Amino acid sequence: MDQPGVAMSRLQTIAVRKQFPATLALDDVSVDFEGGKVHALLGKNGAGKSTLVKILSGAQAPSSGQILLNGKELKLRSAQDAYRCGIATVHQEMSLIPQLSIAENILLGRLPRKAGGMAIDWAATSQRAAQVLGEMNVHLDVRQKVSELGIAQQQVIEIAKAMSLNPAVLMLDEPTSALAHYETESLFALIRQLAARGVVIIHITHRLQELSRIADTVTVLRDGRLIGSEPMSRCTNKSIVQMMFGDIEHKRRPMDVQARSEPMLQVRNLTRAGKFHDVNLTVHRGEVLGIAGMLGSGRTELLRAIFGADRFDSGEILVAGKLVRHPTPMRMRRMGLAFTPEHRKEQALAITLSTRANACMASLDRNSSAGFITRGRERSIVGAMIKKLAIKIPDMEQPVSSLSGGNQQKIVVGKWLETQPKIMLFDEPTRGIDVQAKQHLFGIMWDLAQQGISSVFVSSELEELIEVCHRIVIMKKGTIVGEVDPNNLAVDDLFVRCMEN
């Protein structure tokens, strides 16, 4: 809603088109984003929203069409052009430098200089950074190192960095994907405050349940085309999904997907100082076990310790009844464990290598002969994986970075399935992927369960755990505090259980 006395910005695209050699990514997209509002930009993976954001941020040039800001046509040839024109972007992967201070990160590349231009004016740097945070009603010591901040505070610093440029347009790409519920609400309050200053806010998200709390309008792309822009007050989750996908079936765990009684993974009194303590859990053959908890509850640290990626101080891990001494990722893989980490680009993929190379990376020993593997053999393996997991890819020799988030995640899952695992550890596997890709991933978990393969599923999306799992354990402050039956539990009840002291 317009604020009296506040100048409202306006960003428009007119018939914007982006043609790649084999793909029409955007097809004559014309959309109007008004200042003073939070505009949710939605679409399944591959719908064109990432391409539109890259064009608006100067990272790519449109094949044709116009971009107008406050009625003036822009020619954006680089991110610097976009910044100079008043368009700032906060990307999902944060770009902060942990060992520098808050002030240095906010003003990086633009630190004030003393007279003569040689020495940095540290007093002015701190003063300007504090001013930016103050205008956002954020109170932090700007001399503090970013490495000492939590994820939510780091996200605020990313936004402050963008706001220090006094933008007319602020684009936020999945800003809540790594935040707990209470942290998300604080961020939303900040976003609404920025919108009230007349800034155009474009909020890219896959979390449909957030929209009623933050969005004023919803803009949906599908297959490179604009499907529509609607006031949020007229939308429901069902109508938004219909716009994004057409008809899509939301599945629940099939009743014939039942766990067996045989324990496949046992964790006994596992402890790592400062991370988790006295953790006990058992995962049965063919079971999907969910772990619920708020950010910082120790879920990720527990999975990493079970897989051998991080040490633990005491306790035991048994796989199929066999005690594992001094677990390492290689040893656990050989015993039948597979791990899809939360941050796929940093921890699960070699982002500059081909999709083919990434898909075969975890199973080189199984698919080699006398220590050698041929490209033809790899292509055969990946071709079967693409078909089985419905991966959309024009050429398996292209870098895996060229795939959408959902298809990247399928490559991560597929490469571990090639190792023929007994137990899959999934840490936030649906982060940053669309509804359709999530449904496919859940189907994979159920198919594995029917084959007797167990899964441990960590997710901040509590409704996902209820939809997918046989059992859910609740983790708080580094220990498991309870167990619930998802068949007899509502999402709000699970949230309360996770938040209770």
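Quick note: the coordinates plus some simple rules give every number you see, no bench work behind them. Please read all numbers here as calculations on a predicted model, not as lab measurements. Cβ: placed from backbone, ideal geometry, glycine included. Neighbour counts: every protein chain shown.
Among DSSP beta bridges lying fully in the chain, give the percent that are antiparallel, nearest 5. Roughly 55 percent of the beta bridges in the chain run antiparallel, per DSSP.
Here region 361-475 is treated as a sphere whose radius is the Kirkwood value from Cα pairs; by Stokes-Einstein at 37 °C and 0.692 mPa s it diffuses with a coefficient of 213 µm²/s.
Listed by chain and number, the lysines placed with their C-alpha closer than 25 angstrom to that of Lys145 are Lys114, Lys161, Lys275, Lys345, Lys477; residues fewer than eight positions away on the same chain are left out.
Sequentially through region 57-67, phi angles give Karplus couplings (6.51, -1.76, 1.60; θ = phi - 60°) of 8, x, 6, 9, 9, x, 6, 6, x, 10, 10 Hz, Gly and Pro residues having no value and appearing as x. For region 282-318, the residues whose amide N sits under 16 Å from a probe point set 7 Å from the Cα of Met330 along the beta carbon direction are 308-310. Size descriptors for region 7-104, from the alpha-carbon set: Rg then Dmax equal 14.8, 44 Å.
What you get for region 352-420, charging only the Cβ of Lys and Arg (+1) and of Asp and Glu (-1), is a dipole of about 180 debye around the Cα centre.
Panel order for Arg77, Arg222, by other beta carbons found within 10 Å of each beta carbon, from fewest to most: Arg77, Arg222. Each of Leu165 and Gln66 was given a label point 7 Å from its Cα along the Cα-to-Cβ line. The distance between the two points is 2.4 nm. Each helix, a run of at least 4 DSSP H residues, gives -39500 (n - 2.57); summed and divided by the residues of the chain, these come to -9000 deg cm²/dmol at 222 nm. Model label sites at Trp122 and Gln347, defined 7 Å from Cα along the beta-carbon direction, differ in position by 3.5 nm.
Counted residue by residue at 0.36 nm each, then reduced by the alpha carbon distance between them, the extension gain from Ala15 to Arg234 reaches 76.3 nm. Taking only the C-alpha atoms of the chain, the Rg (one decimal) and the largest Cα-Cα distance, Dmax (whole number), read 23.9, 75 Å. Close amide H contacts of Met171 (hydrogens built in the peptide plane, cut-off under 5 Å, sequence separation of 5 or more or a different chain): Ala88, Thr89, Val90, Ile202.
Note on region 254-379: Cα Rg divided by 2.2 N^0.38 Å, N the number of residues, gives 1.23.
With bins 5 Å wide beginning at 0, the percent of Cα pairs of region 289-348 falling in each bin runs 4, 16, 27, 25, 19, 8, 1. Sorted largest first, the principal axis extents computed over the alpha-carbon atoms of region 352-420 equal 35, 22, 18 Å.
The separation of region 416-446 from region 271-302, counted between C-alpha centres, amounts to 18 Å.
Our coupling estimate for region 479-486, obtained by passing each phi through the Karplus curve with A = 6.51, B = -1.76, C = 1.60 and θ = phi - 60°, is 9, 7, 10, x, 9, 10, 9, x Hz, Gly and Pro reported as x.
Averaging 1/r over every pair of different alpha carbons in region 10-245 and inverting the result gives a Kirkwood radius of 18.5 Å. When each of Trp416, Trp446 is scored by the number of other beta-carbon atoms lying within 10 Å, the sequence from fewest to most is Trp446, Trp416.
What the Cβ-Cβ distance of Gln258 and Asp492 gives, at R0 = 22 Å and to the nearest 0.05, is a FRET efficiency of 0.20.
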